[in-house]
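The structure appears below as structure tokens.
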Amino acid sequence: MTRCIVIGGGITGLFSAILASKYFDNVTLIENAPKCGGLLQSWQDESGNFFDLGTHILSETSNQQINDILFKGIYENPQDWHQFEVMKVSSSFNSARYDTGQFVPLHYLDEGDYEKALLQLLNAKGLPIEQADNLEQFAIENYGLIVTDKIFRPIMLKLQNAELKDLHPSVHYIFGLSRFIPGSVELARELKKSPCYDAKLAFATYYDGVSDVPKYYPKRGGVELWIDYLVEQATELGVEIQTSQCVTNVAFSDSKITDVILGNGEQLSCDHIIWTIPPVFALKLLDWPLANIPVRFCPTSLHHFVLDKPFIDKNFYSNVYDINSIPFRVTFYPNITNDNVVGPYNCTVEVLGEFDLTEQALNDQIILELKSLGYIEQGASVVRVSSTKLAMGFPQFSNAFVNERIRQIDALEAGVKNMTLLGKASKKEFFIYSVLQEAYEQLTYKFDDSLTSS
Ligand SMILES: Cc1cc2nc3c(=O)[nH]c(=O)nc-3n(C[C@H](O)[C@H](O)[C@H](O)COP(=O)(O)OP(=O)(O)OC[C@H]3O[C@@H](n4cnc5c(N)ncnc54)[C@H](O)[C@@H]3O)c2cc1C
């Protein structure tokens, strides 16, 4: 009998456990929270309004085998899901809202800066990310000085509380700073025809360049419904899910983790271990050396509001790049579920960073700013609000932090023969789509005999 142990019951752990059940007699998933889902959980307030705690909208991947696992429950219950092709996302920058795109619009820079910034961006020589020492160098070489100083620098200070020279170049992807809207719809269309500009520029409207990949959101409840389906699928396939549980020790011999000891004292033998939580916890269990790098987290809080009036912004969500405003991202649920006529008008505001304000004052300030940026009506009032802090939030992706993390993953990959590192232990992936693609590729490559024998 072979056993695979999966650590972490977020989307990566659940997907990996389902996939692993094809290759192992037993699969046990260990999740330390009372329920699975990780950043894909939802919360219902006393009035029955739903809010999500992290990601919201699910996109199919380009691999049908992955989709068949991930979206099985949705394919079987299509009546319970909204399906859409256009991802409607807005943004705001320099005190104004941009209605038809999620990236920073360059023409929202101050008048004197816009043309120079665009010229610098178009003429930038370009530097591959692996060759950049830090985000400052990467931004200057790829986007020019004005975009670096007027966009990258203040936005990363807002979102990461750090200077560009101290940040790892890859962090800009996470915050959507890889592309910029160059100006009008026509200009963007024209410039994006050139392969040298395409990767740095975004269309000026999300109706251009639409991918036909279906996207989903539940008609009732929050995104957690998806997790419920996956838990059900895993359980039907025989995966044993242990929640409120964690690994307290491992037996390690001949470069393999042979046993895993749980908090309740249970000892599970282990042929393979899939690790989807930060690598540092594996090194600690193995008692392997850790560099003395201070890990800073940017506190992340979620503010769930219900308003008495429909939102002005009719998009699914918006990236608030405006540097004088506290919110980072706002999700407008009725716009996703098509309930914007009757309400409830509920939204979640994600905030990164710490503010010297009481909870009430912070919530009031957020609403003031959303009014001033034109997301919600001046006369709208808050009917209900609740705030919650994410346990760890976003790490500060400093050069030292990212490089130490890569070192830890390399050490584990080289030193533990029967371990696969995915999800939160992935070397480079962050977004769900790529994290799951990587999980599929690694696990099928390792275990699918039909692939290895061909
Ligand atoms: C605020 C925020 C917004 C995001 N927005 C988007 C987005 O819009 N689009 C997108 O694609 N991605 C987004 N992401 C990234 C996305 O959430 C991740 O790609 C996804 O959650 C990865 O899933 P995961 O299973 O790897 O990690 P997680 O969702 O973090 O799950 C890890 C699981 O492991 C459990 N765990 C932790 N420690 C232990 C332990 N010691 N033992 C056992 N279990 C443990 C946790 O409780 C959790 O359930 C966002 C991330 C954040 C933080």
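The values are calculated or read from the model by the stated rules, or taken from the named source; none is laboratory data. From a predicted model like this one, the values you see are computed outputs, not experimental measurements. Glycine also receives a Cβ, built like all others from the backbone with ideal geometry; neighbour counts cover every protein chain displayed. The accessibility values were calculated without ligands, DNA or RNA, using every heavy atom of the protein model including side chains. Shrake-Rupley method; radii C 1.70, N 1.55, O 1.52, S 1.80 Å.
The alpha carbon centroids of the stretch 32-92 and the stretch 406-448 are separated by 23 Å.
Taking 30 Å as R0, compute the FRET efficiency from the Cβ-Cβ separation of residue 196 and residue 95 and round it to 0.05.
0.40
D by Stokes-Einstein for the stretch 34-77, Kirkwood Rh over Cα pairs, 25 °C, 0.890 mPa s: 197 µm²/s.
Sorted largest first by accessible area at a 1.4 angstrom probe radius, with every protein chain in place, the residues 217, 173 fall in the order 173, 217. Based on protein heavy atoms only, the stretch 297-395 ends up with 42 Å² per residue of surface accessible to a 1.4 Å probe. For helix 399-415, what angle does its Cα long axis make with the longest principal axis of the chain, in degrees from 0 to 90 and rounded to 10? The answer is roughly 20 degrees.
For the stretch 31-178, the calculated P(r) over all alpha carbon pairs, in 5 Å bins from 0 to the bin holding the longest distance, is 2, 8, 12, 14, 15, 13, 12, 11, 8, 5, 1 percent. Where does the Debye-calculated log10 I(q)/I(0) of the stretch 297-395 sit at q = 0.16, 0.24 Å⁻¹, using only Cα point scatterers of equal weight, no solvent? Reported log10 I(q)/I(0), two decimals: -0.63, -1.37.
Shown here are the Rg and Dmax of the Cα trace of the stretch 190-312, at 23.2, 64 Å. With the convex hull of its Cα atoms as the shape, the stretch 103-198 has an orientation-averaged projected area of 5.8 nm². Of the heavy-atom accessible surface of the chain (probe 1.4 angstrom), what whole percent is carbon and sulfur? Answer for the chain: carbon and sulfur cover 51 percent of the accessible area. Once the convex hull of all Cα atoms in the stretch 297-343 is built, its volume per residue stands at 96 Å³. The lysines within cross-link reach of residue 200, meaning a Cα-to-Cα straight distance under 28 Å and a gap of 8 or more places when in the same chain, are 88, 116, 125, 150, 158, 165, 192, 215, 314, 424, 427, 428.
Can you compute the equivalent ellipsoid semi-axes for the stretch 173-262, i.e. the square root of 5 times each eigenvalue of the Cα gyration tensor, sorted largest first and rounded to whole Å?
46, 23, 12
Considering the stretch 343-384, its Cα convex hull presents a mean projected area of 3.4 nm². Descending by average beta-carbon neighbour count within 10 Å, the peptides 70-76, 289-295, 28-34, 264-270 line up as 28-34, 70-76, 264-270, 289-295, the highest first.
The mean of 1/r over all pairs of different alpha-carbon atoms in the chain, once inverted, gives a Kirkwood hydrodynamic radius of 23.5 Å. Take the stretch 103-198 with all the other protein chains still there, run a 1.4 Å probe, and you get 47 Å² of accessible area per residue.
With all projection directions averaged, the alpha carbon convex hull of the stretch 1-57 covers 4.8 nm².
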